[in-house]
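Please read the structure below before turning to the comments.
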Amino acid sequence: MDGINRRKDKVIDKLVFLSLGFFAFFLGLLYPLFVGVSLLKESWLAIQKFGVIGFITGTVWDPVQEIFGGLPAIVGTLITTFLASLIAIPVCIGIAIFIAELCPKPLKPVFTTAIELLGAIPSIIYGMWGFFIIAPLMADYVEPFLQETFIDVPVIGKLFDGAPTGIDVLTSSFVLSIMIIPFMASIVKDAFEMTPQLLKEAGYGMGATKWEVIKDVIIPYAFPGIVGGAVLSVGRALGETMAVAFLTGNVHQIPKSLFDQLTTITVAIANEFTEAHQDIYLSSLYYLALILFIMSFLLLILSKFLIFKRLEKRWKVTGI
């Protein structure tokens with residue numbers, strides 16, 4: 001009986017191994033490859049007409065004349081993602097430090113649950129909240145204040161040139177940063193909490209203050225987690241649609257100031273897909289989706305490179 005049971009266990013182990021391996025192979029390799037090939041096939045008409053470089057560098061988006069250039073949408077995506085990350089990353093690290101190291105123990109579950117609940121809010125709610133609440137506040141108070149404060153400053157003043165409307169680069173980036181904060185903060189907090197207690201106690205034993213332990217022990221140890229959380233959040237910001245669809249204005253232009261209207265790849269696809277009756281129009285939208293797909297993969301590759309370089313340095317120093 002023991003031999004039969006062992007053979008059954010081996011068969012079950014092989015079946016589990018093969019099934020899990022198949023799903024990992026399918027989801028990790030075949031599915032992204034299938035998506036990429038499908039997008040390439042659908043965008044091939046636009047690639048043939050405008051060329052790879054011609055479409056990416058083109059600035060005119062005119063469906064009437066069937067002239068399409070993706071540079072305004074690409075630049076708009078990069079600008080909003082960069083500004084949102086610039087706002088969110090320091091805030092997330094601060095939230096994670098407070099919850100993991102400074103917050104009183106009875107309050108930790110409260111703050112942790114609150115952050116996780118913010119992440120559960122649908123993105124369209126963020127967009128509507130931004131349009132009806134944040135945009136008027138930005139147009140009436142924040143943007144005029146920023147304009148009056150920095151308009152005479154060389155170089156920086158150009159960023160605040162134009163009429164404050166609340167439907168612009170600044171507002172869309174701000175709302176997008178609020179939307180990605182819960183995800184990044186949760187991941188960074190978990191990374192901080194994974195720091196071995198022995199390392200922190202060693203720092204305190206050498207006379208380090210709490211801030212010095214956080215700065216010199218916890219943050220360096222949790223760096224891969226910080227990068228991972230940042231990349232996941234930036235990836236979500238790159239592909240976000242509804243949180244910014246209300247706030248960009250969907251204008252195909254390269255913004256020259258924070259008060260200019262713009263569009264992003266996802267906003268352009270969402271707003272214009274149903275209007276794309278011409279084949280070249282539809283193919284150009286698919287081309288934008290292909291560019292976003294490639295951008296997301298390049299971001300993932302960059303993050304993996306940074307994480308592995310950091311881990312390699314840690315292994316060389318600690319030997320673990």
Select from V267, V231, V11 the residue whose mean-square fluctuation is largest in a Gaussian network model of the chain (Cα-Cα springs shorter than 10 Å).
V11
Using only alpha carbon pairs under 8 Å that are at least six residues apart, calculate the relative contact order of the chain and give it in whole percent.
27 percent
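Where does each of I67, I99, I219 land when they are ordered by accessible area, with a 1.4 Å probe and the largest first?
I67, I219, I99
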Dividing the mean separation of Cα pairs under 8 Å (6+ apart) by the residue count of region 14-78 yields a relative contact order in percent of 18 percent
Out of Q253, L86, C103 - ranked by how far each Cα lies towards the positive end of the dipole of region 76-264, with unit charges on the beta-carbon of charged residues - the top one is C103
Among 116-123, 46-53, 68-75, how do they line up from the highest to the lowest mean number of other beta-carbon atoms within 10 Å?
68-75, 46-53, 116-123
For M194, M179, M206, what's the largest-to-smallest order of accessible area, 1.4 Å probe?
M206, M194, M179
Just to be sure I understand: with springs between alpha-carbon atoms less than 10 Å apart, which residue in I134, I12, I301 has the highest mean-square fluctuation in the Gaussian network model of the chain?
I12
Over what distance in Å are the Cα centres of region 179-204 and region 61-136 separated?
21 Å
Give the long-range amide H neighbours of I67: residues separated by 5 or more places, or on another chain, with amide H under 5 Å away, using H modelled in the peptide plane at 1.01 Å from N.
D62
Cα-Cα over 24 Å: which of K105/K189; K189/K304; K41/K256; K108/K215; K41/K304; K189/K210?
K41/K256; K41/K304
Just by accessible area at a 1.4 angstrom probe, what is the order of Y221, Y31, Y287, Y141 from largest to smallest?
Y141, Y31, Y221, Y287
Using a Förster radius of 51 Å, what is the FRET efficiency between L18 and T113 based on their Cβ-Cβ separation? Nearest 0.05, please.
0.85
To the nearest 10 square angstrom, how much accessible area does T149 have with a 1.4 angstrom probe?
70 Å²
Using the Kyte-Doolittle scale, which helices in the chain average at least 1.0 and also have C-alpha atoms spread 30 Å or more along the helix axis, with helices defined as whole DSSP H runs?
71-97, 169-193, 279-318
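The values are calculated or read from the model by the stated rules, or taken from the named source; none is laboratory data. Source: prediction; values computed, not measured. Counting neighbours? That spans all protein chains shown, and the Cβs are built from the backbone with ideal geometry, glycine included. Ligands, DNA and RNA are stripped out before the accessible areas are found, and what is left, the full protein with its side chains, is counted by its heavy atoms. Shrake-Rupley method; radii C 1.70, N 1.55, O 1.52, S 1.80 Å.
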